[in-house]
1. Criterion first (in a strand (DSSP E or B), open to solvent by 50 Å² or more (accessible area, probe 1.4 Å), closer than 16 Å to Ile213 by Cα and not polar (S, T, N, Q)) does Leu91 satisfy it?
2. Could you tell me which residue of segment 33-52 is nearest to Leu91 (Cα to Cα), considering only residues that are surrounded by fewer than 17 Cβ atoms within 10 Å (Cβ to Cβ) and in contact with a Leu (Cβ under 7 Å, 6 or more places away or on another chain)?
3. Only residues in segment 119-139 that are closer than 14 Å to Thr174 by Cβ count as the first member; pair them with residues that are assigned to a loop (DSSP other than H, G, I, E, B) and of a type in the set (A, V, I, L, M, F, W, C), Cβ under 7 angstrom, at least 6 apart or cross-chain, and list the lot.
4. Name the residues in segment 57-79 that are touching an Asp or Glu at 6+ places or on another chain (Cβ under 8 Å) and open to solvent by 60 Å² or more (accessible area, probe 1.4 Å), would you?
Amino acid sequence: MKRFFALCPLIFLAWATSSHAEFITMELPVDNKDVDIVYYDLPKNSDDNFTGRDKKKLDGKDLLKDPKNNHLELVVNYDRLKTADNITWTLEEWEGPSHYDRDPTTELVAESEIFKGNGRLFIKKRLHGTIQGDDLKNKKVLGTTNFEAGNAALLPFQADTISLGGHQGSVSVTGKLDSAGEAKIVQFKGDVTGTAFIGDPAANHQVTLTIKIKAKLKKSL
């Protein structure tokens with residue numbers, strides 16, 4: 001009997017490990033045209049009058065430090081079995097098949113993140129009973145995440161030579177799972193509503209912004 005109880009912690013550990021699914025990581029390419037940014041800034045010559053707003057627009061290429069050679073990649077981590085915070089995502093600058101170091105002043109780690117978020121994702125249609133076979137095939141998902149600055153978000157945009165940092169807000173997410181029923185996210189659409197600080201770090205001012213991000217796994221030929 002003592003031997004049985006001595007084995008109980010090991011049995012429980014094995015059960016807990018097997019019953020907890022790990023995050024599935026998907027890397028989804030993002031075309032420059034599939035990032036649409038609108039932010040409202042202070043009017044020019046408004047040092048003494050902060051009323052009104054100027055509308056400004058950016059797209060994906062404006063986020064890249066090297067738009068000629070690099071591209072945007074959305075890295076999504078998803079675990080349908082978690083009961084809280086089951087999705088994390090980062091919008092990153094990549095050079096070919098790997099991360100691009102947007103901030104080479106840091107050592108050892110390539111900092112490529114521009115935006116990031118984490119939150120809750122649900123399968124849109126309620127499924128009854130234990131999920132089996134291809135029950136998750138092509139299922140639509142939806143949810144909400146937060147919106148934050150990535151580890152290399154403060155580098156200037158190419159278009160306006162401004163820095164965008166201190167992001168905060170929310171992201172309404174819709175997407176689709178893969179056709180094999182493996183709970184892999186193959187399509188991600190995020191609508192961001194939030195705020196950020198732009199301009200000279202010594203004299204930052206806050207802007208409101210909306211961002212639409214669309215990412216889709218491209219089929220291999």
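1. Details: in a strand (DSSP E or B): yes; open to solvent by 50 Å² or more (accessible area, probe 1.4 Å): no; closer than 16 Å to Ile213 by Cα: yes; not polar (S, T, N, Q): yes.
Spelling it out, it is not the case that Leu91 is in a strand (DSSP E or B), open to solvent by 50 Å² or more (accessible area, probe 1.4 Å), closer than 16 Å to Ile213 by Cα and not polar (S, T, N, Q).
2. It comes out as Val38.
3. Within 7 Å, the pairs are Arg120/Ala84.
4. Lys57, Lys65, Asn69
The values are calculated or read from the model by the stated rules, or taken from the named source; none is laboratory data. What you are looking at is a predicted structure, and each value in this text was computed from that prediction instead of being measured. Note that we place each Cβ from the backbone using ideal geometry, even for glycine, and neighbour counts take in every protein chain shown. In case anyone asks, the SASA skips ligands and DNA or RNA and just uses the protein heavy atoms, side chains included. Shrake-Rupley method; radii C 1.70, N 1.55, O 1.52, S 1.80 Å.
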